[in-house]
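> Quick one: the structure is below, questions incoming.
We did not get these values from a lab; they are worked out from the coordinates using the rules stated. These numbers come from a predicted model, not from an experiment. Cβ placement follows ideal geometry from the backbone for every residue including glycine, while neighbour counts extend to all protein chains displayed.
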Amino acid sequence: MRLAATHFYSFTVLSTKIPISRRMERNMPEFAKPTVHICFNASAAQSIKQALATIGCAERVIGFLDDLSFGPVFPAGSAPREEWVQEWLGYEWGEVAHAANQFWTEAASPGILPVAWVSRHDASEYSAFLEFIRRRADSPFRVIDATDIEFAWRGRQGTSVPRSLGILTPAKIVEARLLERQRMLNPNEIAFYVEEWRRLTRENAPLRVVDGPRLVSAPITFFDDAIVSCASDDWKKAALIIGETMCELIDNRVSDLLLWARVCALGEEGVLELRGDLSHMHGTFARRGRNAFAPA
């Protein structure tokens, strides 16, 4: 039997199974593990970090840069996603994929006690949250679920639920005392989320979108109607069309990168006419083309 040399801190051990570092992490009592806050929204990660600093909490916060609401999610790994993003969206995804791999290595580590922050109104956050549960397996973790929390907003009457953690300011996070809402999921909840992600990975659709309380698979053309409805017969900046589309899609926070890729695809199909510097949305102008379909 070949023995594997495993380095752990300042000494070397021999192991035939699990490296001693991993065994020690798994056997470490939960109270001794450092708490790490897991955010599936890079913007939210910054706000949460600032909020924790405001209340004197020095716990580590890590944010997820990828967006699992689009592209393949099975098999797990960066290569299929890099290829898909390059083909369908036209972006180099290597740096994002590398950062995602580092994120999952830490988020799934048995040596930490993670606290996962999520709003299930956000398809990107919800998708990554489900992948997180898959990777954690039977390891303990806590959750701060802001899905049904009502917030008051300056200049608005009444309260409303934010569609994404990314729109919460550090002050709102502190004011709502979200840190005190962390809890362990019960076995039935975990089983439900595991089965939901199994369904979505089996379908492995181009998109995942929020439909009521659930995530559902969708085709790459899912947002095309909304894009065309925000275009007109007059020339408008593509960035403005994309911004208006994002406002229209109140129930589905969608990446501007995805919408820009669809604007370009609709231009190739004659649904939109494009002119200007087509290398980026801010230099491109668009209007409805000869093949434009009636907006929904």
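> For labels at E244 and E268 in the simple 7 Å Cα→Cβ model, what's the distance in nm?
2.5 nm
> To the nearest µm²/s, what D does Stokes-Einstein give for the stretch 33-208 at 20 °C and 1.002 mPa s, using the Kirkwood radius over alpha carbon pairs as Rh?
The calculation lands on 127 µm²/s.
> Just subtract the alpha-carbon distance of E196 and T159 from 0.36 nm times their residue separation and send over the number in nm, one decimal.
Stretched out fully, the E196 to T159 stretch lengthens by 10.3 nm.
> If a/c stays under 1.5 just call it rounded; otherwise compare a/b with b/c (prolate if a/b is bigger, oblate if not). Do that for the stretch 171-296, with a ≥ b ≥ c from the square roots of the Cα gyration tensor eigenvalues.
Because a/c hits 1.5 or more and a/b exceeds b/c, the stretch 171-296 counts as prolate.
> Please tell me the relative contact order of the stretch 91-212 in percent, rounded to the nearest whole number, where contacts are Cα pairs under 8 Å and at least six residues apart.
27 percent
> Between T105 and D148, what length in nm is gained on full extension when 0.36 nm per residue of separation is reduced by their alpha carbon distance?
Length gained between T105 and D148: 12.5 nm.
> Sticking with this structure for a sec: Using amide H atoms built 1.01 Å from N in the peptide plane, name the residues 5+ places from L113, or on other chains, whose amide H lies under 5 Å from its own.
T35, V36
> A further question follows. Given 4 °C and 1.567 mPa s, compute D for the chain with the Stokes-Einstein relation, Rh being the Kirkwood radius over Cα pairs; round to the nearest whole µm²/s.
Answer from the Stokes-Einstein relation: 61 µm²/s.
> Run the numbers for S232 and L257: contour at 0.36 nm per residue of separation, minus the present Cα-Cα distance, in nm.
Between S232 and L257, full extension yields an extra 6.9 nm.
> Skipping prolines and chain starts, which residues have an amide H placed within reach, meaning under 5 Å, of the one on A108, given they are 5 or more residues away or on another chain?
Those lying under 5 Å, H to H, from A108: there are none.
> Amide H of L272: which non-local residues (sequence gap of 5 or more, or other chain) have their own amide H closer than 5 Å, using H built in the peptide plane?
The list, which skips near neighbours in sequence, is G267, G289.
> Right, here's the next one. Pick from S232, S78, S217: which residue has the top mean-square fluctuation in a GNM of the chain where Cα pairs under 10 Å get a spring?
S232
> Return the calculated 222 nm mean residue ellipticity for the chain, to the nearest 500 deg cm²/dmol, obtained by summing -39500 (n - 2.57) across DSSP H runs with n ≥ 4 and dividing by the residue count.
Result for the chain: -11000 deg cm²/dmol, rounded to the nearest 500.
> Modelled label-to-label distance, A58 and Q86, 7 Å Cα→beta-carbon offset: nm?
The modelled label-to-label distance comes out at 4.3 nm.
> Do any GluC sites (Glu not before Pro) in the stretch 106-198 lie in a DSSP loop with no more than 14 other beta carbon atoms within 10 Å, and if so, which?
Of the GluC sites (Glu not before Pro), the ones in loops of the stretch 106-198 whose Cβ has at most 14 other Cβ atoms within 10 Å are E150.
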